[in-house]
Amino acid sequence: MVIERRRPGLALDADASWRDLAKCRSEGPARFFPDGATGGALEQIHGAKQMCARCDVQAACLLFALETRQEDGIWGGTSEAERRRLRRAWLAARRQQARLTA
Ligand code: SF4
């Protein structure tokens, strides 16, 4: 998997050591970056999610994907559509937290 792939200009999180423990570290990108979300891609997505479910750094991976707005592929056991919904809720929670602590 292309675990370092991210949007240009966005900083990596301070502690990137979780990548060393990524279950997908030796995988090629095909499984984690399926072409679409229907037909044969569903099998790829399912396979990637199964690997994520066995990964010790799933939470860190998902947080990284949310923080750096990874829009493509499977990250932290989530699909692109799932992550878009999660990110909206995550951003709303962060805004609320910021208001409460201001
Ligand atoms: S959670 Fe999935 S995408 Fe993230 S590092 Fe683990 S296996 Fe890779």
Revision key, fill the gap. Note on the range 82-102: residues small (G, A, S) and closer than 25 Å to D72 by Cβ are A89, A92, A93
Exercise for review: Residue by residue through the range 59-99, note down the ones that are among the basic types (K, R) and more than 19 Å from F33 (Cβ to Cβ).
Suggested key: R85, R88, R94, R95, R99
Review point. From the set of residues in the range 1-53 that are among the basic types (K, R) and at pLDDT 85 or above, which is surrounded by the most Cβ atoms within 10 Å (Cβ to Cβ)?
Key: R31
Review point. With (1) within 13 Å of the ligand (Cβ to nearest atom); (2) in a helix (DSSP H, G or I); (3) more than 19 Å from S17 (Cα to Cα) as the list, and Q96 as the residue in question, which single condition is left unmet?
Key: (1)
Exercise for review: Please name all residue pairs, on different chains or six or more residues apart, with Cβ atoms under 7 Å, provided the first residue is in the range 46-64 and is closer than 9 Å to W18 by Cβ and the second residue is part of a helix (DSSP H, G or I).
Suggested key: D56/L21; V57/W18; V57/L21; A60/W18; C61/W18
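The values are calculated or read from the model by the stated rules, or taken from the named source; none is laboratory data. Here the structure is a predicted model, which means the values were calculated and not measured. When we count neighbours, we look across all protein chains shown, and the Cβ atoms used for this are built from the backbone with ideal geometry, even at glycine.
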